[in-house]
1. Among (1) in contact with a helix residue (DSSP H, G or I) (Cβ under 7 Å, 6 or more places away or on another chain); (2) under 16 Å from Val62 (Cα atoms); (3) at pLDDT 90 or above, there is one condition Thr236 misses while meeting the rest; what is its number?
2. Just give me the residues in segment 149-168 being of a type in the set (Gly, Ala, Ser) and touching a residue at least 40 places away in the same chain (Cβ under 8 Å), in sequence order.
3. Please enumerate the residues belonging to segment 70-129 that are of a type outside the set (A, V, I, L, M, F, W, C), part of a helix (DSSP H, G or I) and free of Cβ contacts under 8 Å to residues at least 12 places away in the same chain.
4. For segment 1-48, how many residues are part of a helix (DSSP H, G or I), at pLDDT below 85, farther than 21 Å from Thr117 by Cβ and among the β-branched types (Val, Ile, Thr)?
5. Take Ser135 and tell me if it is in contact (Cβ under 8 Å) with a residue 12 or more places away in the chain, surrounded by fewer than 21 Cβ atoms within 10 Å (Cβ to Cβ) and over 21 Å from Arg81 (Cβ atoms).
6. If a residue must be hydroxyl-bearing (Ser, Thr, Tyr) and at pLDDT below 95, how many such residues does segment 131-158 contain?
7. I'm trying to understand the selection: among the residues of segment 110-123, which are modelled with pLDDT of 80 or more and surrounded by 15 or more Cβ atoms within 10 Å (Cβ to Cβ)?
8. Determine which single condition Ile161 fails, assuming it passes every other condition in (1) of a type in the set (A, V, I, L, M); (2) modelled with pLDDT of 95 or more; (3) buried (at least 19 other Cβ atoms within 10 Å of the Cβ).
Amino acid sequence: MTLLDAVKALFLGLLEGATEFIPVSSTGHLILLQSVFGLDSHADKTFAILIQFGAILAILSVYFARLWKIATALPSDPQARRFVLGVLIAFLPAAVIGVLARDFILGVLFDPRVVCTTLVLGGIVLLVVDRMALSLRHDEATRFPLPMYLAIGVIQCLAMIPGVSRSGATIVGAMLMGSSKRAAAEFSFFLAMPTMAGAFVWELGQSWRDLSADDATMIAIGFVSAFLAGIFVVKTLLDYVSRHGFALFGWWRILVGSIGFAALIAFG
């Protein structure tokens with residue numbers, strides 16, 4: 001592994017951590033940047049999935065006290081058990097589809113043209129939903145109705161298409177079902193934990209034999225940088241969206257997707 005490879009891994013990790021929890025599609029950004037760097041092998045696609053574990057640890061570290069409180073309350077608190085059940089219900093659709101469609105996702109959908117399309121379309125959806133006068137019925141992520149958790153989980157499956165954004169799909173879905181912007185973003189955090197952890201474990205189990213020492217070193221660098229960037233984003237995002245909404249992220253998606261299309265036309 002060269003110094004340039006290490007710098008690329010560092011930059012990609014920072015990008016992953018910075019974009020994982022905002023509705024702009026971290027995977028889509030990584031695919032486009034890897035295309036710029038000429039990193040389009042199967043190992044590079046695996047890298048984009050495995051460094052997400054750094055972002056998982058970031059959210060676990062920020063939410064550790066709250067998660068511990070929920071965990072210790074499980075034996076005695078029906079509300080805590082109901083919330084954990086809700087997260088599991090929301091997680092299951094993506095777990096099933098992710099396992100069944102893995103080869104198709106990596107082989108066909110990890111394509112810059114797909115990413116650019118979904119970035120632009122998703123940006124338009126985000127701008128429209130952000131401006132809609134939605135009925136607010138749920139202001140606490142841990143108290144959504146169980147059918148709502150399932151519906152959010154089904155909607156999350158759209159994020160199997162790179163560029164859609166896991167957080168974007170879950171946030172928009174929750175808002176359309178009556179969640180406040182803050183609660184929608186917070187539940188996206190909670191749902192990220194089992195979803196991303198499951199993707200990490202499955203991908204590692206499928207690919208670890210094919211990874212070289214250099215691959216492992218690059219993944220480690222990306223993992224650490226994703227962790228540091230993720231902590232910053234998780235600590236600041238909820239306050240930002242409560243005050244300003246998601247319009248900035250919608251416009252960013254459209255900008256990045258449009259630049260990507262221009263580059264594809266210009267350079268193929």
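1. The number of the failed condition is (1).
2. Across segment 149-168, the qualifying residues are Gly153, Ala159, Gly163, Ser165, Ser167, Gly168.
3. Thr72, Pro78, Arg81, Asp103, Gly107
4. Counting residues in segment 1-48 that are part of a helix (DSSP H, G or I), at pLDDT below 85, farther than 21 Å from Thr117 by Cβ and among the β-branched types (Val, Ile, Thr) gives 1.
5. yes
6. 2
7. Asp111, Pro112, Val114, Val115, Cys116, Thr117, Thr118, Leu119, Val120, Leu121, Gly122, Gly123
8. Evaluating Ile161 over (1) of a type in the set (A, V, I, L, M); (2) modelled with pLDDT of 95 or more; (3) buried (at least 19 other Cβ atoms within 10 Å of the Cβ) leaves (2) as the failure.
The values are calculated or read from the model by the stated rules, or taken from the named source; none is laboratory data. Predicted model only: the values in this text are computed from it and were never measured. Note that each Cβ is placed from the backbone with ideal geometry, even for glycine, and that neighbours are counted across all protein chains shown.
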